[in-house]
Amino acid sequence: MAYDGITVAAVTDELNKKLSGGRVYRIAQPESDAIVLTVRAQNGQYRLLLSADASLPLVYLTDENRKNPLNAPGFCMLLRKYIQNAKILSVTQPGLERVIRIEMEHMDEMGDMRKLFLITEIMGKHSNIILTDDKDEIIDSIKRISNLVSSVREVLPGRKYFIPETRGRIDPLSIKDGRYLDLPEMANMSVHRALATYIGISNTAASEFIRVAGVDGDRIVSELDVNERESVEKVFSSVIEKIRIGGFSPVVYYHDGVPAEYAAIDTGMYPEKKTGYGMSGTLELFYREKELHVRIRQRSAELRRAVQNATERVSKKLGLQEKQCRDTEKREKNRLYGELIRAYAWQIEEGADKCVLQDYNTGEDVCISLDPTLSPQDNANKYFDKYKKQKRTYEALSVYIKQSMKALEHLESIQVALDMAQNEDDLKEIRQELYDAGYISGEKGMSGKKGKGSNGKGKGKNAGTKAKGLCSAPLHYVTEDGYHIYVGKNNHQNEYITFELANGGDMWFHAKKIPGSHVIVKTDSAELPDSVYETAAAVAAYYSKAGGQGKVDVDYTVRKNLKKTPGGAPGFVIYHTNYSMTVKPSLEGVKPAED
């Protein structure tokens, strides 16, 4: 969710517990709008990032040691003067505002103890970091705001500090009876707008609370029945009560393996999630993985173009092959005409341009065109020649069409692998596969050898060879029963987990007739519980091209029933003995293994 008042409340709660009583040991300003405080507390040393970046303002504890400029900026020097070695008394949040106040105690130049406040305002382009004294007088700020910039509030040394008034918005912590939709001005608002009216509640958070309540957010508040109103207020009250008591449960949600949202309170927005990192760790994990995913998407653009171009080329060729194949559909008719002319040649007059003969298969009369300049025997031979030519063409095209369809299937599986790629090593393996198959030229794969350019047949110099080693590890999960599940992220990994990692008695799962990952469940020679079959099938469905569908058919069989496709691409198998089940794609019931 957005870095809203709820997130600020969770961060504040965490900072107050960890930093109170600690002392500011080091102050740095790695960027023009960011401060890093190193705090030594009783339970350890912490690095606190305060960022007033207009596009992404953040406050959280971090392990990252950022590079600092050679000469400290003016605001950094001022902080060193006023709060170096200051004791942190408390970290608080005014109501549910997006404001974090760090109260400190510091001995001034005269030897007197003074209280100071380092205030971080997380308000988009208006974000700021401000140092004030105990009389709320601004000492300085990382961004100075004059009346030429803002007519609402000046942020300058000597000015009085105050939080800008949020007109028409109410602090939800001030509502004691839980009747959050009873305010008169909300009667004609939509449910979504009514909840977002409260201070600290972002649009994303309001939408999520409404989803949990099971109510249409576009409904007008006055139109809700008693049960609908109670449902919304119950969900909202539960969240506010957790904020009051510090009952936060930070979580990063994932969709198709990609970080989708984070939240200070787990509402079950997505089934795939990571917890247990604390609020700061959750924020750092989310933005790190989000940035990594964006970077991987950018760096995979070249490979995606190669796959798209190859797919278009093979599809066009397949279309031509199928058209040519349709042109040979009359071959059996030509063979029949030749046989009928030869059998009934004595009935055909010389110089005739057509004849009507009885089909000995059906007993029906057939009208056959003839070349009047040729004898009946030569006309028969002419039809036989057409038949033989069309038969040869059909047989050759059947092979080519099969090759083209396999190439498209291979390319489709590579596209799925690109969608699953999580790091540079994953892309390296995919690049190797494209190189081996001849879809990219002038490149070096993992083997370090140069290969042929694309010949449109999906076969390069090293086609069909297996990589000597993997650049990255397959996905590894553990079920609630303790069974280990391995998932291949690309065709090289699929081949590895199926034919090297798995033994003959392990179970293999794959979405039925759909590109996707091989999934192996290690059985340790034991019979798997039914729940593990269902869980593994759901994982196989999740990591397939149909992962976004409601129901997916999944095949499963004992590993020993699988064989590599002769001359096929890596990771392609054949099997004749299997079972199938229909499942909902899901990662429920598994958690990442601690490798």
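Just one residue in the set VAL314, VAL294, VAL258 is farther than 30 Å from ASP177 by Cα and either more than 17 Å from the chain's Cα centre (by Cα) or among the hydroxyl-bearing types (Ser, Thr, Tyr) (or both); that residue is VAL314. Filtering region 328-351 to residues that are over 20 Å from LYS386 (Cα atoms) and not acidic (Asp, Glu) leaves TRP346, GLN347, ILE348, GLY351. Checked against the criteria, ASN43 does not count as under 30 Å from ASN203 (Cα atoms), over 32 Å from the mean Cα position of the chain (by Cα) and not basic (Lys, Arg). For region 568-587, the count of residues that are under 13 Å from TYR486 (Cα atoms) and not β-branched (Val, Ile, Thr) is nonzero.
Within region 131-150, can you find the residues that are of a type in the set (Gly, Ala, Ser), surrounded by 12 or more Cβ atoms within 10 Å (Cβ to Cβ) and free of Cβ contacts under 8 Å to residues at least 40 places away in the same chain?
Of everything in region 131-150, just one residue is of a type in the set (Gly, Ala, Ser), surrounded by 12 or more Cβ atoms within 10 Å (Cβ to Cβ) and free of Cβ contacts under 8 Å to residues at least 40 places away in the same chain, namely SER150.
Tell me, please, whether a residue that is touching a helix residue (DSSP H, G or I) at 6+ places or on another chain (Cβ under 7 Å), within 25 Å of ALA10 (Cβ to Cβ), surrounded by fewer than 19 Cβ atoms within 10 Å (Cβ to Cβ) and in contact (Cβ under 8 Å) with a residue 40 or more places away in the chain can be found in region 161-174. Yes, there is a match, as at least one residue in region 161-174 is touching a helix residue (DSSP H, G or I) at 6+ places or on another chain (Cβ under 7 Å), within 25 Å of ALA10 (Cβ to Cβ), surrounded by fewer than 19 Cβ atoms within 10 Å (Cβ to Cβ) and in contact (Cβ under 8 Å) with a residue 40 or more places away in the chain. Only one entry of GLN390, GLN403, GLN358, GLN377 meets the criterion of being surrounded by 12 or more Cβ atoms within 10 Å (Cβ to Cβ) and closer than 30 Å to VAL573 by Cα, and that entry is GLN403. Total residues in region 118-130 satisfying the condition of being of a type in the set (D, E, K, R) and crowded, with 18+ Cβ neighbours inside 10 Å: the figure is 1.
Please find, among ALA306, ALA301, ALA310, the residue that is touching a Ser or Thr at 6+ places or on another chain (Cβ under 7 Å) and within 30 Å of ASN423 (Cα to Cα).
Just a single option satisfies the conditions, and that option is ALA310.
Among the candidates LYS290, LYS323, LYS317, LYS333, the residue that is under 25 Å from VAL11 (Cα atoms) and either in a loop (DSSP other than H, G, I, E, B) or among the charged types (D, E, K, R) (or both) is uniquely LYS290.
Yes or no: ALA396 free of Cβ contacts under 8 Å to residues at least 24 places away in the same chain, of a type in the set (Gly, Ala, Ser) and outside any loop (DSSP other than H, G, I, E, B)? Yes; evaluated as a whole, the condition is true for this residue. Per this entry, THR275 is counted among residues that are within 30 Å of ALA417 (Cα to Cα), of a type in the set (Ser, Thr, Tyr) and surrounded by fewer than 21 Cβ atoms within 10 Å (Cβ to Cβ). Within region 64-89, residues that are surrounded by 14 or more Cβ atoms within 10 Å (Cβ to Cβ) reach partners that are assigned to a loop (DSSP other than H, G, I, E, B) and modelled with pLDDT of 85 or more with beta carbons closer than 6 Å, at six or more positions or on different chains, in the pairs PHE75/ILE142; ILE88/SER20; ILE88/GLY22. Among residues that are buried (at least 16 other Cβ atoms within 10 Å of the Cβ) and out of contact with any strand residue (DSSP E or B) (no Cβ under 6 Å at 6 or more places or on another chain), ASN494 is included.
Quick check on my filter: what residues within region 4-23 are touching a helix residue (DSSP H, G or I) at 6+ places or on another chain (Cβ under 9 Å) and either within 10 Å of GLY200 (Cβ to Cβ) or not assigned by TED's automatic domain parsing to the domain that holds ARG47 (or both)? Residues satisfying the conditions are ASP4, GLY5, ILE6, THR7, ALA9.
Summed over region 540-566, residues that are polar (S, T, N, Q) and either in a helix (DSSP H, G or I) or farther than 19 Å from VAL258 by Cβ (or both) total 3.
Yes or no, residue by residue, for (1) over 29 Å from ASP436 (Cβ atoms); (2) in a strand (DSSP E or B):
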| position | (1), (2) |
| --- | --- |
| TYR477 | no, yes |
| GLU495 | no, no |
| PHE499 | no, no |
| GLY505 | yes, no |
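Summed over region 26-56, residues that are touching a strand residue (DSSP E or B) at 6+ places or on another chain (Cβ under 8 Å) and surrounded by fewer than 16 Cβ atoms within 10 Å (Cβ to Cβ) total 4. Among the residues of this structure, GLU109 does not count as one that is within 21 Å of LYS143 (Cα to Cα) and among the acidic types (Asp, Glu). Against the condition charged (D, E, K, R), within 15 Å of SER280 (Cα to Cα) and touching a strand residue (DSSP E or B) at 6+ places or on another chain (Cβ under 7 Å), how does ARG66 come out, does it pass? No; evaluated as a whole, the condition is false for this residue. Selection over region 311-346 of residues that are of a type in the set (A, V, I, L, M), surrounded by fewer than 18 Cβ atoms within 10 Å (Cβ to Cβ) and in contact with a helix residue (DSSP H, G or I) (Cβ under 7 Å, 6 or more places away or on another chain) gives a count of 2. Residues of region 30-63 that are touching an Asp or Glu at 6+ places or on another chain (Cβ under 8 Å), assigned to a strand (DSSP E or B) and farther than 20 Å from ILE130 by Cβ: ARG47, LEU61.
The values are calculated or read from the model by the stated rules, or taken from the named source; none is laboratory data. Just so it is clear, the structure is predicted and the values come from calculations on it, not from any experiment. We place every Cβ from the backbone using ideal geometry, glycine too, and count neighbours over all the protein chains shown.
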